[in-house]
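Q: Sending over a structure as structure tokens; questions will come in a sec.
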Amino acid sequence: MLRPATPDDIPQLCEIEIATQIAPWAAETFDKCFQAESQGWVITQSEDKIIGFILVLLQMGECHILNLCIDPNQQHQGYGTKLLLAALTDAKQQGAVIAYLEVRRSNANAIALYQKMGFSKVGERKNYYLTKEGSEDACVFAREL
Ligand SMILES: CC(C)(COP(=O)(O)OP(=O)(O)OC[C@H]1O[C@@H](n2cnc3c(N)ncnc32)[C@H](O)[C@@H]1OP(=O)(O)O)[C@@H](O)C(=O)NCCC(=O)NCCS
């Protein structure tokens, strides 16, 4: 089931982060996002177990995708596509005309998803992400809505 994300979901969002991300977001980061009126969606399985989420910020006609994450045991089954479509459709309905996101240069799976969804690379941010060894560049992708 797809439903809007709420601050009550933060503990489960943190669990998915820890299981998937090199530098997982802390609960405080999610908290700040909700306080800043970011919007999000989650996909749940039975008993409200969250298996994936997306968070976006809509500002000045732009939709910034802040985070998209699927439980490692549930990846490559269409959930990321479903969440991205829901967020982009809603952003367009709310007047956004363009969507942006940053992704690690090495994250081939996510880049494949974004390209499949019509995003194109529009720039880079040097040393944007932490890695175990140091830092990694971000690729900036965009798509008109
Ligand atoms: C990247 C991510 C969000 C994709 O979500 P997903 O539910 O696994 O993706 P989908 O099943 O909707 O797949 C859509 C497309 O993404 C690409 N993709 C996703 N997982 C892939 C995998 N394991 N191997 C290769 N391609 C993959 C493919 O192009 C796929 O299209 P296809 O099914 O025709 O091959 C998910 O794998 C994830 O959470 N990864 C870890 C966190 C992350 O990197 N988030 C993005 C931060 S910018």
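What follows draws every value from the coordinates through simple rules; no lab data is involved. All values reported here derive from a predicted model rather than from experimental measurement. Reconstructed Cβ throughout: ideal geometry from the backbone, glycine too, with neighbour counts over all protein chains shown.
Q: Extending each Cα 7 Å along its Cβ direction at K126 and M60, get the distance between those two points in nm, one decimal.
A: Result: 2.5 nm between the two label points.
Q: Further question: Hey, could you grab the Kirkwood Rh for the stretch 77-139? Inverse mean 1/r over distinct alpha carbon pairs, Å, one decimal. Intermediate values should be presented prior to the final figure.
A: Numbers: mean 1/r = 0.0766 Å⁻¹.
Every distinct Cα pair counted, the radius reaches 13.1 Å.
Q: Okay, moving on. Using modelled amide H (1.01 Å from N, peptide plane; none on Pro or chain starts), what sits under 5 Å from the amide H of N67, excluding residues fewer than 5 places away?
A: Close amide H contacts, sequence-distant or interchain: L55.
Q: Which ³J(HN,Hα) values, rounded to whole Hz and listed in residue order, are derived for the stretch 3-15 from phi using the Karplus coefficients 6.51, -1.76 and 1.60 in 6.51 cos²θ - 1.76 cosθ + 1.60 with θ = phi - 60°, glycine and proline given as x?
A: 8, x, 7, 9, x, 5, 7, 3, x, 6, 5, 5, 4
Q: Also: Among V122, V56, V140, which comes first, second and so on when ranked by fewest other beta-carbon atoms within 10 Å? Let's see the in-between values first.
A: Numbers: V122 12, V56 27, V140 16.
Neighbour counts put them in this order, fewest first: V122, V140, V56.
Q: Using the Karplus equation 6.51 cos²θ - 1.76 cosθ + 1.60 (θ = phi - 60°), what ³J(HN,Hα) coupling, rounded to whole Hz, does each residue of the stretch 79-93 give in order, writing x for Gly and Pro?
A: 6, x, 4, 4, 5, 5, 4, 4, 5, 5, 5, 5, 4, 5, 4
Q: How far, in nm, would the chain grow between D137 and M1 when pulled straight, counting 0.36 nm per residue and subtracting the alpha carbon separation? Numbers along the way, then the final one.
A: Numbers: separation 136, 0.36 × 136 = 48.96 nm, distance 3.44 nm.
Value of the extension gain: 45.5 nm.
Q: Here's another thing I want to ask about it. Expected output is a single nm value to one decimal: the length gained when fully extending between D48 and Q35, i.e. 0.36 nm times separation in residues minus the C-alpha distance. What is it? Before the final figure, lay out each step's value.
A: Values: separation 13, 0.36 × 13 = 4.68 nm, distance 2.30 nm.
That works out to 2.4 nm of additional length.
Q: Along the positive direction of the dipole of the chain (beta-carbon charges: Lys, Arg +1; Asp, Glu -1; about the Cα centre), which of L85, Q39, P24 reaches farthest?
A: Comparing the listed Cα positions along the dipole, L85 ranks first.
Q: Stokes-Einstein diffusion coefficient for the stretch 2-144 at 20 °C in a medium of 1.002 mPa s, Rh from the Kirkwood formula over Cα pairs: what value in µm²/s?
A: In µm²/s, the coefficient rounds to 139.
Q: Which whole-Hz couplings ³J(HN,Hα) result when phi for each residue of the stretch 131-138 is put into the Karplus expression 6.51 cos²θ - 1.76 cosθ + 1.60, θ = phi - 60°, listed in order with x for Gly and Pro?
A: 3J(HN,Hα) across the stretch 131-138, in whole Hz: 10, 4, 8, x, 8, 9, 6, 9.
Q: Exposure proxy check: K121, K126 ranked by fewest other beta carbons within 10 Å?
A: Details: K121 13, K126 8.
With the fewest neighbours first, K121, K126 line up as K126, K121.
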